[in-house]
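Bear in mind these aren't lab numbers, they're just calculated from the coordinates by the rules spelled out. The model shown is predicted, which means the values in this text are computed figures rather than measured ones. Backbone-built Cβ (ideal geometry, glycine too); neighbour counts: all protein chains shown.
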Amino acid sequence: MQLIVGLGNPGQEYFLSRHNVGFEIVDSIYSYFKFPEFKLKFSGLISIKQIFNNNVILFKPYRFMNLSGEPTRKVRNYYKIKKNDQVFVFHDDLDMDFSKIRIKVNGGHGGHNGIRDIIKFLGPNFIRLKFGIKNSEYENKNIPANKFVLDKFNEEEISRLNQIKNEVNKNLNILIQKNHSLFLNSIRRN
């Protein structure tokens, strides 16, 4: 059993905002692998399907970014997911340049409130897939962080994000097998 969590904020006004990149990636996995319809459960949207000889749970907490921890813990506990390397969390990272991706297996929250809340409920040892959202507009225009993360991606960024989502889907089996370096290299090639 593998749990893939995408962080974001519920509501149409947040669609395609930088802070919702975790939702975007989970939605892409959902469509690509034709998961069954999302159901509202555990204060979030959940769908389960067997792919790559694994039961994979897709989950989007729907209690807003800063309250992602308790819903994620409920899913983990209900499905008796014991190992921390079975929990993957996709989220935005304002300290990284746009479209850069890093995998972090444990540690602190790095100032991300969604990750901070998950650590509060799960502890620090889970797999984070950090997606960089910083761009020159943010660096040059002195935009407050809380405003920038809720702004929409521009057209060029959406195009690149779609390429990355496609690569995540094509290489998801590598991620689930815990071959993090190969997964990152496969995405960075394109």
**Message:** Using the Karplus curve 6.51 cos²θ - 1.76 cosθ + 1.60 with θ = phi - 60°, what ³J(HN,Hα) values do you get for each residue of the stretch 25-40, in whole Hz, with x for Gly and Pro?
**Reply:** 5, 5, 4, 5, 4, 4, 6, 4, 9, 6, 5, x, 3, 4, 10, 7
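Assuming R0 = 22 Å, what is the FRET efficiency of K49 and F121, from their Cβ-Cβ distance, to the nearest 0.05? If you can, show how the numbers build up before the last one.
Working: r = 25 Å, r/R0 = 1.14.
Result of the calculation: an efficiency of 0.30.
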**Complete:** Under the Karplus relation with 6.51, -1.76 and 1.60 and θ = phi - 60°, whole-Hz ³J(HN,Hα) for the stretch 159-169, x at Gly and Pro, equal 4, 5, 4, 5, 4, 5, 4, 4, 5, 4, 4
**Message:** Show me, for the stretch 146-152, the HN-Hα J-couplings you get by feeding each phi into the Karplus relation (A = 6.51, B = -1.76, C = 1.60, θ = phi - 60°), rounded to Hz, glycine and proline as x.
**Reply:** 5, 7, 4, 5, 8, 6, 7
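Give me R63, R102 ranked fewest to most by other Cβ atoms within 10 Å of their Cβ, as a rough exposure proxy.
Numbers: R63 17, R102 14.
Listing R63, R102 from fewest to most nearby Cβ atoms yields R102, R63.
Given R₀ = 35 Å, FRET efficiency for N66-E155 by Cβ-Cβ distance, to 0.05?
Working: r = 29 Å, r/R0 = 0.83.
After rounding to 0.05, the efficiency reads 0.75.
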**Item:** Cα centre as origin, Lys/Arg/Asp/Glu Cβ charges: the stretch 95-190 dipole, Debye
**Value:** 400 debye
**Complete:** Quick calc, the stretch 56-130, dipole around Cα centre from Cβ unit charges on Lys, Arg (+) and Asp, Glu (-), nearest 20 debye, gives 380 debye
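Pairs of Cα atoms under 8 Å, at least six residues apart: use those to get the relative contact order of the stretch 2-188, whole percent.
25 percent
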**For the stretch 41-57 versus the stretch 163-182, the gap between their alpha-carbon centres in whole angstrom** = 17 Å
**Message:** Let me make sure I get this right: for the stretch 1-112, a, b and c are the square roots of the gyration tensor eigenvalues over alpha carbons, sorted descending. Under 1.5 in a/c it's rounded, otherwise prolate if a/b > b/c, else oblate. Which is it?
**Reply:** rounded
**Item:** Length gained when the stretch K80-R188 is fully extended (0.36 nm per residue, less Cα-Cα span)
**Value:** 35.5 nm
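Once you order the gyration tensor axes a ≥ b ≥ c over the Cα atoms, which shape class does the stretch 48-190 get: rounded for a/c under 1.5, otherwise prolate or oblate by comparing a/b with b/c? Let's see the in-between values first.
Numbers: a/c = 1.95, a/b = 1.26, b/c = 1.54.
Oblate shape, in that a/c is at least 1.5 and b/c is the bigger or equal ratio.
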